[in-house]
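Everything on this sheet refers to the single structure shown next.
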Amino acid sequence: MKGKISGVSLGPGEPELITLKALKALQEADIIYCPGTQTKSRSRDILQALPINMERVRLFHVPMSKDRTLANQTYDSICTEIAALVATGKNIAITAEGDSGFYSSVNYMFDKLASMNLPITTIAGVPAFIAAGAISGLHIVKQEEKLVVLPGIITAEELDSLLTSGHVVVIMKLSQCTSEIHRFMQTNRQHEFHYYENVGTINELHSTNYEDIIQKDYPYFSLMIIRPGKQLA
Ligand code: SAH
């Protein structure tokens, strides 16, 4: 008798943006693994606002660093724990913020469990940039426009080439490219800059004000949607 394992996407912050399917998987789980610490966990904040039993939630801390060695050690030990629980018939949920298919490090765990013959069912969620578009009533891509989603690793020149060829650009992990964005904006005022912070939380912020956006320090939970504007003569 083996338990089930679900990768449950929670949406970007607003509890009501979770899907019914994801909520059901959480309610059916005996143990819910959730990234974060006692004092800081966006995923736990979302779980707390939902009708689920918080006693089933196990927080785990993932060290944040470009070098993934320590993070992967944490994930490996949780996978071993999960394998033992599943063998006794327990249902497990592993949460991911937004949609688990977008820049989510828990995929390392999903792959590891699959390699241990413990396949995961992933449940879709609303990615942060989709929720961002909605709070500002933005028609993110129109007609034949193309969308490019970037993980904060970008130069001003690459942005220029994408936007001048008519692409709409989403930049996640904005804090990783603050100075490049500032540099790009200095000579490219013609584009539409839509800046978002903490979408779906009480600290939500949305701005299209060029002067504000160009001098801001971008926090971790921020993103930008840039729509191409006409080149000034
Ligand atoms: N899986 C997530 C993305 C994880 S990567 C998703 O589908 O949205 C983390 C990045 O996502 C952050 O650096 C930020 O750019 C963006 N992000 C996630 N939640 C956000 C929120 N509530 N408001 C603004 N940006 C958010």
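The values are calculated or read from the model by the stated rules, or taken from the named source; none is laboratory data. What you are looking at is a predicted structure, and each value in this text was computed from that prediction instead of being measured. Cβ sites come from the backbone with ideal geometry, for glycine too, and all protein chains shown count toward neighbours.
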Q: Please indicate, with yes or no, whether at least one residue in region 201-216 is under 23 Å from the mean Cα position of the chain (by Cα), closer than 17 Å to G133 by Cβ and surrounded by 21 or more Cβ atoms within 10 Å (Cβ to Cβ).
A: no
Q.
Out of everything in region 117-152 that is under 28 Å from S6 (Cβ atoms) and hydroxyl-bearing (S, T, Y), what residue ends up being nearest to the chain's Cα centre (by Cα)?
A. T122
Q) What are the pairs, 6+ residues apart or on separate chains, where a residue within region 57-81 that is touching a residue at least 40 places away in the same chain (Cβ under 8 Å) has its Cβ under 8 Å from a residue that is assigned to a helix (DSSP H, G or I)? A) V62/A71; V62/T74; V62/Y75; R68/Y108; I78/M109
Q) Going by the structure shown, is G137 more than 12 Å from the ligand (Cβ to nearest atom), at positive phi and in the same structural domain as H206 (by TED's automatic domain parsing)? A) yes
Q.
Going by what's in this entry, would P63 be described as outside the structural domain of G200 (by TED's automatic domain parsing), within 17 Å of Y75 (Cα to Cα) and either touching a helix residue (DSSP H, G or I) at 6+ places or on another chain (Cβ under 7 Å) or of a type outside the set (G, A, S) (or both)?
A. yes
Q. Can you name the condition, by its number, that D30 falls short on among (1) touching a residue at least 60 places away in the same chain (Cβ under 8 Å); (2) closer than 19 Å to A124 by Cβ?
A. (2)
